[in-house]
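Heads up, the thing below is written out as structure tokens.
The values are calculated or read from the model by the stated rules, or taken from the named source; none is laboratory data. Please read these numbers as outputs of a predicted model, since none were measured by experiment. Positions of Cβ are generated from backbone atoms using ideal geometry, with glycine treated the same way; all protein chains shown enter the neighbour counts.
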Amino acid sequence: MPDRPLFLERASFRRRRLGDAARVLPVLAAALIVIPVWWVPEQASFAGGAVWLFGIWAALIAAIGVLHRALRRADAATLRASRDIAGDDDHAL
Amino acid sequence: MPFEALVAGCLLYVALMFGVAFAADRAASRGRAGWLDHPAVYTLSLSVYCSAWTFYGAVGYASRSGLEFATIYLGPTVVFTGAWWGLRRLVRVARRHHVTSIADLISARYGKSNRLAAFVTLIAVIAATPYVALQLQSVSLSFEVFATDSLADIPMAGGGGTALWVAGGLALFTILFGTRNLAADERHHGVVTAIALEAIVKLLAFLALGVFVVWGLADGPADMLSRIEAAATGHGGWLLKPDRWTALLVVSGAAVIALPRMFQVLVVEAADEDRLAVAGWAFPAYLFAMSLFVLPIAVMGQQLLPPDANPDLYVLTLPAASGQNWLAFLVFLGGFSAATSMVVVCTIALATMISNHWLVPLWLMLRRKPQSGDPEDLRGFVLNARRLAIGAVMAVGWVYYQATGGTAALAAMGLVAFTGMAQVLPAMIGGLVWRGANRHGAFAGVGVGFALWLAMIFLPSVGIGAPPSVPSGVDPLALAIFLSLALNTLAFIGLSIFGMPDPVERLQGLSFVSAVDPIRHSRMARGADQAEPLLVMARRVWGAEDALRFFQSEAAFQGRSGYLPDLTPRFLTRLERRLAGSVGAATAHAMIDSVAGGAELTVSDLMQVADEAQRAKEETQRLETARAELARTARQLREANDKLTALSVQKDAFLGQISHELRTPMTSVRAFSEILRTPDLSDADRDRFAKIIYDEAGRLTRLLDDLLDLSVLESGQAQLSVTPANLHDLIERALSAASATRPERVFRVDREPLAEYVGVITDPDRLLQVLINVISNARKYCDAEPPVLSIRVRRSLRGGVQIDIVDNGSGIEAARQSLIFEKFARLNDPARAGGAGLGLAICREIMANLGGDITYLPGQGGAAFRIALPRRPPVPANAGLRRA
């Protein structure tokens with residue numbers, strides 16, 4: 001089994017950072033939803049709170065959509081790259 | 001709208017659902033499941049999360065507690081933001097193990113323990129049955145809205161008739177499309193497609209009502225916001241409580257994974273994990289759309305409807321009171337869809353759990369030896385068990401609804417079910433991320449959580465026992481949720497740390513946490529003669545056709561013909577997993593063990609598995625090395641063969657050359673001696689011809705001398721007389737000797753006399769021979785005008801001497817440089833050169849004998865040779881003897 005490489009190609013590096021973003025997003029989402037209610041429950045409870053909440057919500061949906069799209073593209077690119085490398089190996093043999 | 005029309009429309013809608021489910025099932029069975037597997041269908045099927053409790057109840061919830069209702073949708077949204085790494089992994093692992101329910105997942109992870117699965121099933125049944133009752137209540141209530149004229153006197157519990165009819169119809173639908181066959185993967189295309197369609201109806205109904213309320217009843221969004229603000233200020237209940245807010249978010253986030261119906265659509269019905277890339281944003285968007293208008297509807301209901309109207313029915317009564325009969329009917333269908341889809345999926349999930357973890361193990365225990373005469377018995381039994389379970393769940397739900405009389409207690413049942421199933425989550429998540437998690441921990445965690453949930457949430461909600469007293473300012477529900485989940489997690493981690501998992505569990509733990517294929521120990525591995533009992537068993541579960549197909553494909557994979565594969569670990573693992581897809585991991589494991597006579601897995605087996613993996617890896621590496629070695633040897637052999645071929649060609653050419661070189665003088669000798677025999681020859685001619693013969697014989701002798709010399713040198717038997725000599729003298733002698741060659745050419749010789757005064761220990765005669773040869777060659781071939789010969793002597797690093805002899809001619813072209821030291825290699829016209837072409841070959845051999853070498857130096861502006869001498873020539877082994 002080959003050792004893990006210390007440094008990655010640009011595409012793989014991008015892919016890893018997108019993966020990190022996907023891990024951070026839930027934490028961010030939870031924080032944005034929970035913190036205002038603990039901090040300023042009065043303002044967060046009524047019309048203003050509703051606007052805030054639904055705004056965050058829509059932004060989250062868009063963020064997930066964009067992120068998943070990017071992740072899928074990155075995955076496809078990584079897959080292609082690894083296939084190319086495998087193909088080269090075959091020639092080398 | 002007349003009640004009869006409503007009933008007729010409702011029946012039509014139900015018929016449509018039956019038709020859609022039927023068509024989808026047929027398409028799937030014919031292999032045309034393409035669009036059924038579309039991520040959109042998957043996403044819509046997830047909307048079974050929005051049951052009637054959320055469809056009707058969310059508005060009631062919002063009118064009582066304001067924005068708090070949104071937690072029920074926000075929790076899942078937060079969970080789905082982690083869809084890419086969290087849910088995808090869950091689905092991948094579950095698909096790999098052919099998991100049939102959440103109880104099955106937990107049982108499979110913790111060593112295929114059926115007791116654990118049965119326990120989780122118990123929690124699911126206790127939590128979900130009242131939830132089913134809540135759906136029945138909502139449907140019958142919504143009927144009542146249309147059946148009665150006055151909104152105020154809608155009874156909480158409608159005539160039991162409606163609920164009974166609905167329960168019966170749903171049971172029929174579920175049995176028809178949920179238990180058609182016992183597939184190896186628990187997917188129900190018909191049901192999923194029908195609920196996807198219902199999801200659209202649900203969403204359209206709610207959005208239509210929302211648009212009507214915001215733009216029809218109110219004056220657009222701005223007006224709506226001010227109305228919300230006004231309604232809120234007069235309502236103390238709308239102030240959000242942070243602890244409750246957080247607890248509900250946690251619980252609803254847990255529920256979207258752990259509720260039996262959600263696990264069914266999210267994990268079990270998923271073809272693969274890739275569809276979560278779409279569902280990851282699309283499902284939160286669906287939830288967003290479903291909750292966008294909840295607050296406006298609640299506020300308008302409060303303002304427009306009489307104060308004693310039931311807020312849970314605002315969605316129906318608001319359009320009905322405004323005279324929007326068609327909108328009311330659409331909303332009714334939406335609510336009906338919400339209730340029915342939830343009930344159908346929930347009962348399928350519960351029935352799978354009940355049959356796989358309660359009834360089948362019980363049946364197998366009671367009948368240890370199945371009759372071989374009835375091959376279909378198990379399959380039939382499992383399907384009947386499921387049908388029975390579906391009927392039972394529905395019946396209990398209905399009884400529950402009747403018994404509680406549709407009190408407000410039922411409305412709380414949604415949250416009760418959420419909190420109940422959330423108790424399973426620590427064990428599930430822990431099992432997926434922590435290899436150290438074990439069965440004892442899982443039992444303890446789920447047990448503690450279950451007990452606390454029962455005491456603090458469930459029993460008080462049905463009016464048994466009082467809710468625990470809590471410090472003021474703390475929300476009792478939030479406290480119960482945090483307390484139960486915290487102690488649950490603590491017990492789970494604690495016992496996992498102190499307990500020792502058994503080997504099966506450790507294997508499964510590895511497979512779940514690392515998301516790799518499960519490995520089965522090879523102890524049972526043996527020949528194909530043992531496969532028949534397994535085939536009989538598989539036939540009992542899947543039916544003859546499916547079982548034969550599976551066995552045949554496995555045998556074909558092993559390269560065997562017929563239906564009986566070898567019992568390899570791979571085959572056993574695959575068979576067990578496929579069986580697990582029908583009857584659950586624990587039962588499948590027990591069945592295979594009982595038929596194949598599997599012994600208990602021990603720790604040493606586990607080590608053996610690890611060893612086997614290690615050995616396989618080493619073997620691969622060894623093969624890899626051997627292959628490289630072989631390739632290297634082959635390359636060497638090929639090179640040796642090429643060399644031999646070249647040598648053979650060279651030898652032939654050499655023989656040809658020798659014959660040719662010997663024949664030319666021989667021919668003239670013969671010809672002229674023939675002439676000499678003629679009597680009438682003048683003396684002058686006779687002398688001339690005799691001289692020719694003499695010269696030719698001399699040339700022949702020289703050639704033979706050269707050949708002899710060469711062969712002696714090549715064989716390494718040349719006699720060397722090694723003495724010290726001055727290189728300057730040698731070069732001087734060589735130059736004067738070589739000047740006999742083409743004496744007409746006058747060379748300017750460029751030397752460095754001081755550097756030439758170097759003493760060398762070598763055979764001076766041989767070295768002189770080389771020098772003469774090289775210098776004569778330069779005189780012969782240098783075509784420059786005026787010709788210059790430069791000789792440079794340099795001490796080399798290791799104490800030897802280098803003599804570079806360079807002329808200023810056109811040199812030797814690169815392609816032929818490698819040839820010049822070969823025998824008979826004459827570059828130019830032989831007549832002009834006048835030699836046999838052995839000179840440089842002899843030089844090379846001489847230098848080799850002297851321990852040095854002679855090389856051609858390219859790029860010196862003419863032909864350039866470097867003669868390298870060592871400090872002293874190598875002493876042959878027999879040199880001492882010979883001298884003595």
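Values for this structure:
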item	result
Of all residues in the range B:372-401 being surrounded by fewer than 16 Cβ atoms within 10 Å (Cβ to Cβ) and over 27 Å from B:Arg115 (Cβ atoms), the one that is modelled with the highest pLDDT	B:Val399
B:Trp85 free of Cβ contacts under 8 Å to residues at least 24 places away in the same chain and either part of a helix (DSSP H, G or I) or within 14 Å of another protein chain (Cβ to nearest Cβ) (or both)	yes
First in the range B:549-563 and outside any helix (DSSP H, G or I), second anywhere and surrounded by 12 or more Cβ atoms within 10 Å (Cβ to Cβ) and of a type in the set (Asp, Glu), Cβ under 6 Å, 6 or more apart	B:Gln558/B:Asp566
Some residue of the range A:69-84 being within 7 Å of chain B (Cβ to nearest Cβ) and modelled with pLDDT of 85 or more	yes
Flag if B:Gly31 is more than 14 Å from chain A (Cβ to nearest Cβ) and more than 16 Å from B:Trp238 (Cβ to Cβ)	yes
Output for the range A:35-47, where each listed residue is within 8 Å of chain B (Cβ to nearest Cβ) and not acidic (Asp, Glu)	A:Val37, A:Trp38, A:Pro41, A:Ala44, A:Ser45, A:Phe46, A:Ala47
Qualifying residue in the range B:482-489 (condition: among the polar types (S, T, N, Q) and at pLDDT below 85)	no
Test for B:Ala24: is it surrounded by fewer than 20 Cβ atoms within 10 Å (Cβ to Cβ) and under 33 Å from the mean Cα position of the chain (by Cα)	no
Residue check, B:Leu572 of a type in the set (A, V, I, L, M, F, W, C) and outside any helix (DSSP H, G or I)	no
Answer from B:Val99, B:Val125, B:Val78, B:Val91 - the residue that is closer than 30 Å to B:Val504 by Cβ, crowded, with 24+ Cβ neighbours inside 10 Å and β-branched (Val, Ile, Thr)	B:Val99
Lone qualifier among B:Val48, B:Val79 - being within 14 Å of chain A (Cβ to nearest Cβ), in a helix (DSSP H, G or I) and at pLDDT 90 or above	B:Val79
Unique match (being among the charged types (D, E, K, R) and within 11 Å of chain A (Cβ to nearest Cβ)) among B:Glu198, B:Glu269, B:Glu229	B:Glu229
Scope the range A:48-63; condition in contact (Cβ under 8 Å) with a residue 24 or more places away in the chain and either more than 7 Å from every other protein chain (Cβ to nearest Cβ) or surrounded by fewer than 20 Cβ atoms within 10 Å (Cβ to Cβ) (or both); matching residues	A:Ile56, A:Ala63
Hey, B:Val251 buried (at least 20 other Cβ atoms within 10 Å of the Cβ), in contact (Cβ under 8 Å) with a residue 24 or more places away in the chain, touching a Phe, Trp or Tyr at 6+ places or on another chain (Cβ under 6 Å) and more than 14 Å from chain A (Cβ to nearest Cβ) or not	no
Residue in the range A:12-32 that is buried (at least 18 other Cβ atoms within 10 Å of the Cβ) and more than 10 Å from every other protein chain (Cβ to nearest Cβ) present	yes
Breaking point among (1) under 26 Å from B:Thr246 (Cβ atoms); (2) modelled with pLDDT of 90 or more; (3) not polar (S, T, N, Q), for B:Ala417	(2)
Pair list, Cβ < 7 Å and 6+ apart or interchain, from the range B:200-223 residues that are more than 15 Å from B:Met300 (Cβ to Cβ) to residues that are among the hydroxyl-bearing types (Ser, Thr, Tyr)	B:Val201/B:Ser337; B:Lys202/B:Ser47; B:Lys202/B:Ser337; B:Leu203/B:Tyr286
Checking B:Ile761 against (1) over 30 Å from B:Ser659 (Cβ atoms); (2) hydrophobic (A, V, I, L, M, F, W, C); (3) surrounded by fewer than 18 Cβ atoms within 10 Å (Cβ to Cβ); (4) at pLDDT below 85, the condition it does not meet	(4)
Hey, B:Arg745 over 19 Å from B:Ile867 (Cα atoms), in the same structural domain as B:Asn849 (by TED's automatic domain parsing) and either in a loop (DSSP other than H, G, I, E, B) or in contact (Cβ under 8 Å) with a residue 12 or more places away in the chain (or both) or not	yes
Count - residues of the range B:51-99 that are aliphatic (A, V, I, L, M) and within 27 Å of B:Met353 (Cα to Cα)	10
Odd one out for B:Val48 among (1) among the β-branched types (Val, Ile, Thr); (2) crowded, with 22+ Cβ neighbours inside 10 Å; (3) more than 39 Å from the chain's Cα centre (by Cα)	(3)
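One line per residue, one yes/no per condition, for (1) touching a Phe, Trp or Tyr at 6+ places or on another chain (Cβ under 9 Å); (2) part of a loop (DSSP other than H, G, I, E, B); (3) modelled with pLDDT of 80 or more; (4) not assigned by TED's automatic domain parsing to the domain that holds B:Leu857:
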residue	(1), (2), (3), (4)
B:Arg798	no, yes, no, no
B:Asp804	yes, no, yes, no
B:Ser810	yes, yes, yes, no
B:Leu819	no, yes, no, no
B:Lys823	yes, yes, no, no
B:Arg826	no, yes, no, no
B:Ala831	no, no, no, no
B:Gly837	yes, yes, no, no
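Every residue, every condition in (1) in contact with an Asp or Glu (Cβ under 9 Å, 6 or more places away or on another chain); (2) part of a helix (DSSP H, G or I); (3) surrounded by fewer than 24 Cβ atoms within 10 Å (Cβ to Cβ); (4) at negative phi, yes or no:
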residue: B:Phe329; (1), (2), (3), (4): no, yes, yes, yes
residue: B:Ala338; (1), (2), (3), (4): yes, yes, no, yes
residue: B:Leu350; (1), (2), (3), (4): no, yes, no, yes
residue: B:Leu362; (1), (2), (3), (4): no, yes, yes, yes
